[in-house]
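Shown next, in structure tokens, is the structure this report addresses.
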């Protein structure tokens, strides 16, 4: 795979990940579930 193609693929994956995280912030119940999950890990 060419370096340019690999770089574009990495940028695409990073943008998709950032959009997914932003989408989660628009759903408060998802943040509550995530907080409960983290809390349960240390309880």
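For n ≥ 4 DSSP H runs only, could you compute -39500 (n - 2.57) per run for the chain, divide by its residues and tell me the 222 nm figure to the nearest 500?
-29500 deg cm²/dmol
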Task: Two-site label geometry, residue 5 and residue 32: point separation in nm, points 7 Å out along Cα→Cβ - done: 4.7 nm
Task: Separation of the residue 41 and residue 19 label points, Cα + 7 Å toward Cβ, nm - done: 2.7 nm
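What list do you get for 3, 15 if you sort them by fewest beta carbons within 10 Å? Let's see the in-between values first.
Values: 3 7, 15 10.
If I rank by nearby Cβ atoms, fewest first, I get 3, 15.
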- [ ] Going by C-beta contacts inside 10 Å, put 1, 31 in order with the fewest on the left.
- [x] 1, 31
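Once you wrap a convex hull around the alpha carbon atoms of the chain, what is its projected area averaged over all directions, in nm²? Before the final figure, lay out the partial values.
Numbers: hull surface 16.5 nm².
With the hull built on Cα positions only, its mean projection is 4.1 nm².
No lab work stands behind these numbers, since they all come straight from the coordinates. No experiment lies behind these values; they were computed from the predicted model shown. Note: ideal-geometry Cβ built from the backbone for every residue, glycine included; neighbour counts use all protein chains shown.
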